[in-house]
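Data block below; observations after.
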């Protein structure tokens, strides 16, 4: 198995870092999975590389990205070094970054034995909402899978004091893992208001004709399973899988030092692979 690390242009002159993991031994082209991390996440978080390895062993090319403004840098892939970029992030930037990676895949993935005509997308947590939008608007995406998805993107603002945010220009949310106060400029809310129609996850789900699989853990206290259930009901052709007692990260944590996936993640990956192979 090979892992190739790449840097491509992203939004507002910030780079997107991504990696492509694939098997080249048989020279056969394979279906592709593009994976999008969630809020305060990054492509090498926890057990994500082990998840990628499992997909590759099951005949997929696996692509993971760091969005251009997620706070990491090419030199620090697992640390939130660039908090100024993080503060300037918004949902439109993340959506544009996903589209840029899809365009890169369409043009270059044949070098890594990927079949651009079999491109699927997976998103975790907030990334779930973003891939539902991306899958709906990008014709090249064949199937969409969400892991512990949010119901919509406006949820983020439900916890904000909007008036104070507007007055101060910046708000902070603590990162319990890194002990950092993560800044958000008010432009994030302004961008959302201006682009609400483009960022309407529920509308995208109801309108898409592509196969969608929602997977959620019944023990998720951060993003309750009712969000996946709600979206599933917006599209009668979608599928829903609940993994009993699984938490928001399906047993994963950062750093992940074990050689095997946690039990709930094994179930998660297998359900996803079975869906993509149908």
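What follows draws every value from the coordinates through simple rules; no lab data is involved. Predicted, not measured: the structure shown is a model, and the values here were computed from it. FYI the Cβ positions are ideal-geometry reconstructions off the backbone, even for glycines, and counts take in every protein chain you see.
Cβ-to-Cβ counts within 10 Å put 256, 147 in ascending order as 256, 147, the fewest first. Here the peptides 168-175, 59-66 are ranked by packing, the mean other Cβ count within 10 Å, and the order with the highest first is 59-66, 168-175.
Using only the Cα atoms of the range 131-271, build the gyration tensor, take square roots of its eigenvalues as a ≥ b ≥ c, and label the shape rounded, prolate or oblate: rounded if a/c is under 1.5, else prolate if a/b is larger than b/c, else oblate. Verdict is oblate for the range 131-271.
Between residue 181 and residue 161, the modelled labels are 1.2 nm apart [label points 7 Å from Cα along Cα→Cβ]. Rg and Dmax over the alpha-carbon atoms of the chain stand at 17.7, 59 Å. Note on residue 75 and residue 193: the model spin-label points, each 7 Å out from Cα along the C-beta direction, lie 3.8 nm apart. Rounded to the nearest 10 degrees, the angle from helix 263-277 to the longest Cα principal axis of the chain is 70 degrees. Note on residue 172 and residue 84: the model spin-label points, each 7 Å out from Cα along the C-beta direction, lie 1.8 nm apart. Exposure proxy for 145, 201: other Cβ atoms within 10 Å of each Cβ, ordered fewest to most, give 201, 145. Classify the range 91-197 as rounded, prolate or oblate, taking a ≥ b ≥ c as the square roots of the eigenvalues of its Cα gyration tensor: rounded when a/c is under 1.5, otherwise prolate if a/b is larger than b/c and oblate if not. Note, shape of the range 91-197 comes out prolate. At full extension, residue 218 and residue 245 could sit 9.2 nm farther apart than now, given 0.36 nm per residue minus the alpha carbon distance.
Given their separation in residues at 0.36 nm each and the Cα-Cα distance between them, residue 26 and residue 57 gain 9.9 nm when the chain is fully extended. Shape of the range 1-157 from its Cα gyration tensor (a ≥ b ≥ c, root eigenvalues): rounded if a/c is under 1.5, otherwise prolate when a/b > b/c, or oblate? Because a/c hits 1.5 or more and a/b exceeds b/c, the range 1-157 counts as prolate. Taking 0.36 nm per residue of separation and subtracting the Cα-Cα distance, full extension of the segment from residue 103 to residue 207 would add 35.2 nm.
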